[in-house]
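One structure is given below, encoded as structure tokens.
What follows draws every value from the coordinates through simple rules; no lab data is involved. Bear in mind the structure is a predicted one, so any value in this text is a computation, not a measurement. Here the Cβ positions follow ideal geometry from the backbone for every residue, glycine too, while neighbour counts run over all protein chains shown.
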Amino acid sequence: MATAQHDGLLQKAQRLEEQALRELKALSNAQLCEEFRVKYLGRKGQLAQLLDELKTLPPERRAEAGRALNALKETLTTELERRLDSFAHAEREARLRAEALDITLPGRRQKLGSLHLITQVTKELEDIFVRLGFEVVTGPEVETDYYNFEALNIPKDHPARDDWDSFYLDGFEDLLLRTHTSPAQVRVMQQRRPPVKVVVPGKCFRRDATDATHSMVFHQIEMLWVDKGISFAHLKGTIFAFIEEFYGKGFEARFVGDYFPFTEPSLQVHVRRKGSELRTHHGGRWLEILGAGMVDPAVLQEVDYDPEEYTGFALGLGVERMAMLKYGVDDIRTFYQNDMRFLEAF
Ligand code: DAH
């Protein structure tokens, strides 16, 4: 009887092992593993029930049966752990696969910005002037009334001030946004003795009404060449040289008399596309691109240059105007609207 019980317990253990191992193989996730653990290895699980039955065995059989059940517990625990490990491993593999970087994929390109057309044209002109022997210098955008007007032979109440409607700084009756780059002429001559041969690029500001060829903020390049024996021939030669260099052979230029307080004589230069006189009124238009002249003796005296010894010529060109003609831009306002299609075209 005792033996039969013993054998029965071992058989149950054997069946339990087979069934448990079969189930274990079929488990598909960690949650099911936990259910398996409770069912077989839990405090009220099937193995615990078999252990309970040990009490019913005669004492001399208990040890052997107990070892068998312990071995079974060991087996199921190990196999369950292995199964859990394999899930953890698979999960990690899946995560790594999902997170994997394909370093052979082409990178995403950052969009490169480009230089604004006005900047490009300024640089292009600067290059031409440097080749003609001029040095590039700069001056302040906020100027004093003295440099912007007085020193340029435009005293207070001079009617020519009407040509430069100005933005004065609130609370400073002497400070304004420069209306042209000409004040830099005076600053440079104060600091140097002749020969002076410079160009000054920069922003200018005028309280003008805005239209297709006028903007309240625009760019000029000032040119000044003062030395012994500088004549109108230098002015003419330099201007025609850089206009041809910048525009190529397809354009023509003309000089038109003008008046500026700081030059004598004074003139404007107009440029148009060659052959455009044959076109309609609008297409054949001359565009004024610069003002120029021989530096007035009063300006030279202001900086202690002897007008008997030194002469010079000066000019101020409109960068937007020059760009409009070369690149066929009809309206100056297009430069400042930041329309990407316009900006990217250049
Ligand atoms: N400063 C003038 C203007 O903005 C342009 C100009 C004319 C500059 C004659 C010069 C010059 O240097 O000689 O209207």
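For residue 263, the residues whose modelled amide H falls within less than 5 Å of its own, excluding neighbours fewer than 5 places apart on the same chain, are 296.
FRET efficiency for the residue 304 to residue 109 pair, using the beta carbon distance and R₀ = 51 Å, is estimated at 0.35. Size descriptors for the chain, from the alpha-carbon set: Rg then Dmax equal 46.5, 144 Å.
What's the magnitude of the charge dipole for the chain around its Cα centre, counting Lys and Arg as +1 and Asp and Glu as -1 at the beta-carbon? Answer in Debye, nearest 20.
Numbers: 46 positive and 55 negative charges, 529 e Å.
I would put it at about 2540 debye.
GNM remark for the chain: springs join alpha carbons under 10 Å apart, and the peak mean-square fluctuation among 305, 259, 40 falls on 40. Cross-link reach is defined here as a Cα-Cα straight distance under 27 Å, omitting same-chain residues fewer than 8 places apart; for residue 12 the lysines meeting it are 25, 39, 44, 55, 73. With 24 Å as the limit, the listed pairs 197/228; 111/249; 236/274; 123/197; 156/228; 123/203 have 111/249; 156/228 beyond it between alpha carbons. Residues in the stretch 154-165 carry Karplus couplings, in order, of 10, x, 3, 6, 5, x, 5, 4, 4, 6, 10, 4 Hz; the curve used is 6.51 cos²θ - 1.76 cosθ + 1.60 with θ = phi - 60°, and Gly or Pro positions show x. Near the amide H of residue 149, within less than 5 Å, lie no amide hydrogens of residues on another chain or at least 5 residues away, with H placed in the peptide plane. Binning the alpha carbon pair distances of the stretch 107-231 at 5 angstrom intervals from zero yields the distribution 2, 9, 17, 19, 18, 14, 10, 5, 2, 2, 1, 1, 0, expressed in whole percent. Note on the stretch 2-99: Rg/Rh from C-alpha atoms, Kirkwood Rh, equals 1.13.
For the chain, what proportion of DSSP beta bridges, expressed in % and rounded to the nearest 5, is antiparallel? Counting DSSP beta bridges with both partners in the chain, the antiparallel share is about 95 percent. For the stretch 213-221, 3J(HN,Hα) computed residue by residue from phi via the Karplus equation (6.51, -1.76, 1.60; θ = phi - 60°) reads 10, 10, 9, 5, 10, 8, 10, 10, 10 Hz, glycine and proline entered as x. Across the stretch 177-192, coupling constants 3J(HN,Hα) worked out from phi with the 6.51/-1.76/1.60 Karplus curve, θ = phi - 60°, read 6, 4, 8, 7, 8, 4, x, 5, 3, 5, 4, 5, 5, 5, 8, 10 Hz, and Gly and Pro carry x.
Taking amide H as placed 1.01 Å from N in the peptide plane, the amide H of residue 213 sits under 5 Å from that of 332, each at least 5 places away or on another chain. Counted by neighbouring Cβ atoms within 10 Å, the residues 266, 114 run from fewest to most as 114, 266.
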